[in-house]
1. Among the residues of the stretch 250-309 satisfying the criterion of being more than 21 Å from Pro382 (Cβ to Cβ) and within 13 Å of the chain's Cα centre (by Cα), which is surrounded by the fewest Cβ atoms within 10 Å (Cβ to Cβ)?
2. Given (1) within 14 Å of Ala285 (Cα to Cα); (2) surrounded by fewer than 17 Cβ atoms within 10 Å (Cβ to Cβ); (3) without any contact (Cβ under 8 Å) to a residue 40 or more places away in the chain, identify the lone condition not met by Val325.
Amino acid sequence: MEVKLEPAVGRDLFQWLRKVPWERIGVWMVVVFAALNLKDFFGIAMGTFILAFIGNGFVRSAQRLTEGSPLLAPVPPTWQRRLLVVVYFAAIVSCVTLFGVMTIPDIIRESADFVSRLQSDSIWTVVLEKVRHGVGDGIMEQLERLLLIASGDDLAGALSAAGGSQWQTPWTSERTAYLGTVLQTMLRGYTEAAVGFTTALVKFISRFAVQVGVSLVLSFMVVWDLPTIAAGVRSLQASRLGPIYNEVAPSVAVFSQLFGKALQAQARIALVNTALTAAGMWALAIPGIGLLSLFVFICSFIPIAGCFISTVPIGFTALTEYGFVKLALVIVMVIGIHMIEAYGLNPAIYSAHLKLHPLLVLTVLVIAEHSLGVWGLLLAVPMTVFTLDYCIRYPACSVTDVAARELATVSIADYDVAASLAPAPEQLAYTRQYNASQNACIGLRYWGPTGAEQH
């Protein structure tokens, strides 16, 4: 049976194919392909962006504060700006050097101690002894039976065959040592994974230090001569790369602006969270504060999962050093700190207002980490929020309209490093107009030197 395509259907399909923005799709495919091939340099690129973003914001704020100062009046405006750049990066280099000298040796020493503790044959014996003192012999006997049965140990069957009378014998150190050996055998894979992770963390710190140094040099060069660099980048608009630039630059500019502000707000929350956790560990006399605080700071940038990941080594250290009661105090401390973070600090983060489902957050974190590594954990949530808003929540809004909605929820000063590279007039000034009563986007507009409105 021959099936004929109706002429109307053929015309509709042809018209639909003509409406597909093939040029835009091709441009973005080229950009994605180039980004994937350069992902090994992603860490340096992110470090350069963050330092330049914050540095340019500092320079702009300082310029507004010192405007009209008689001390700087004889200095040309260009050199006033460069003087502020030197002050900013001198402060950054001093802080990084001081932090490295004071903390890195302690972190390496504490990491070696933590690894040796995990690899010790008696570590689980110590843990079980602490647990027994905390919960009592009765519950410990039930835990012993459960562990022996779960491990398939022959002793469990022998004791059960004998009527269980041996379970009632007084608890001895030999009994704890044997149970510790059983538990160590069961958890050997997890222990080796923890040792490998700690070792990888120390290596990451060394590699990260090199990346910070390179990022400092590159970001200094960017902020030092940002007006010239921005003009050079905007000149691509009239070059043979104009179609790619005109398509990619606006979206990259608004997303970079949004991501930079959100990351800056998250960094503030991470610093407060780390300071509170370090103070709590100091009050509870938990050893290894340097390494554990660094771990907490890194995990503070990981939504949802970071809270649980950062608590595990703190709780493990408290249990092995002091016992069950100290572990309970650590859990109470962590809950209190994260309540402060959730109700007092997180409102500064734009994504906290958008109520992403935890399952979606964890899914995109796994995908981003697999695709982009550690830096993907930072980009995952902002990219997901931006994509959901643009594609699903506000389909009638443009990219800049979506950015206007999200930028309004981040309470950080207006730092526009990325905006200075966008295909806009010499001075790019964002204004946001949103009609909440009609739930309609009016637009994020910018004005050229002639005063004419441009979209």
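Taken together, the values in this text are just the output of simple stated rules run on the coordinates, not laboratory data. In this text, all values refer to a predicted model and were calculated from it rather than measured experimentally. With ideal geometry, Cβ positions are generated from the backbone for all residues, glycine too; neighbour counts draw on all protein chains shown.
1. Per the criteria, the residue is Phe295.
2. (3)
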